[in-house]
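Beneath this line is the structure, given in structure tokens, with notes to follow.
The values are calculated or read from the model by the stated rules, or taken from the named source; none is laboratory data. It should be emphasised that the depicted structure is a prediction, and the values quoted were computed from it without experimental measurement. Positions of Cβ are generated from backbone atoms using ideal geometry, with glycine treated the same way; all protein chains shown enter the neighbour counts.
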Amino acid sequence: DSGVTQTPKHLITATGQRVTLRCSPRSGDLSVYWYQQSLDQGLQFLIQYYNGEERAKGNILERFSAQQFPDLHSELNLSSLELGDSALYFCASTPDRALGNEQFFGPGTRLTVL
Amino acid sequence: AQSVTQLDSHVSVSEGTPVLLRCNYSSSYSPSLFWYVQHPNKGLQLLLKYTSAATLVKGINGFEAEFKKSETSFHLTKPSAHMSDAAEYFCVVSPHPNTGGFKTIFGAGTRLFVKA
């Protein structure tokens, strides 16, 4: 158990809908990272937040957004969903903002768009 | 530009035989290198990491990896495979914590099959 929690575990929705994925980092970790894992694209870095502020951006679509709250939990919002958004979404956390440290991964949220 | 290439998408070994998962990287900066393992329907777990200390890095569950700068490789090995090693393995290149410079890049993954 990494100490990172993600909810929900599974999510099934329809095209055009909007969903919110939630992540709670390990106790004391200030950085949260979001990743998308799909069969055709592999594991893709989406975005990093550090202590409430956006720190680094990866291959995140404009339809997707994220935020980190004062209690350090983070939410990833996916809107106007398409079939191709079906994937496993992971969050990870680290103690600080440096990009070169070990990341602790949550169990993931499996999103299915029908 | 930074990149990481896992040379085999699938590797199949028999239980008790050695494991070799290959990873080459490209980085303009001194990188940190990691191997993560992902068991089915689970998140990623760190196996080991290299951050410019010893070039031979020992990890959990008997795995180790050797950083070879001249070959830009960071291959993962284990002397004797166990059935529980069957999983997907990811090689990751990341900026060194002291230098930064680019974003973390994950390899495409190597699925390890272990036959009884």
Residue ID - modelled with the lowest pLDDT, chosen from residues in the range B:83-104 that are within 15 Å of residue B:24 (Cα to Cα) and more than 8 Å from chain A (Cβ to nearest Cβ): B:93
Of the residues in the range B:55-68 that are free of Cβ contacts under 8 Å to residues at least 12 places away in the same chain and not hydrophobic (A, V, I, L, M, F, W, C), the one that is surrounded by the fewest Cβ atoms within 10 Å (Cβ to Cβ) is B:58
Looking at the range A:36-55 only, could you name the residues that are hydroxyl-bearing (Ser, Thr, Tyr) and within 10 Å of residue A:87 (Cα to Cα)? A:38
All conditions in (1) touching a Ser or Thr at 6+ places or on another chain (Cβ under 6 Å); (2) within 11 Å of chain B (Cβ to nearest Cβ); (3) among the polar types (S, T, N, Q) are true of residue A:41 except (1)
Give the number of residues within the range B:10-35 that are under 23 Å from residue A:39 (Cα atoms) and at pLDDT 95 or above. 8
State whether one or more residues within the range A:93-103 are within 11 Å of chain B (Cβ to nearest Cβ), over 28 Å from residue B:51 (Cβ atoms) and not aliphatic (A, V, I, L, M). no
Go through (1) among the polar types (S, T, N, Q); (2) at pLDDT below 95; (3) surrounded by 19 or more Cβ atoms within 10 Å (Cβ to Cβ) for residue A:68 and report which single condition fails. (2)
Out of B:32, B:52, B:28, B:14, sole residue that is surrounded by fewer than 18 Cβ atoms within 10 Å (Cβ to Cβ), in contact with a Ser or Thr (Cβ under 7 Å, 6 or more places away or on another chain) and touching a residue at least 40 places away in the same chain (Cβ under 8 Å): B:52
So residue A:4 ticks every box in (1) under 30 Å from residue B:6 (Cα atoms); (2) in contact with a helix residue (DSSP H, G or I) (Cβ under 7 Å, 6 or more places away or on another chain) but one. Which box is left unticked? (2)
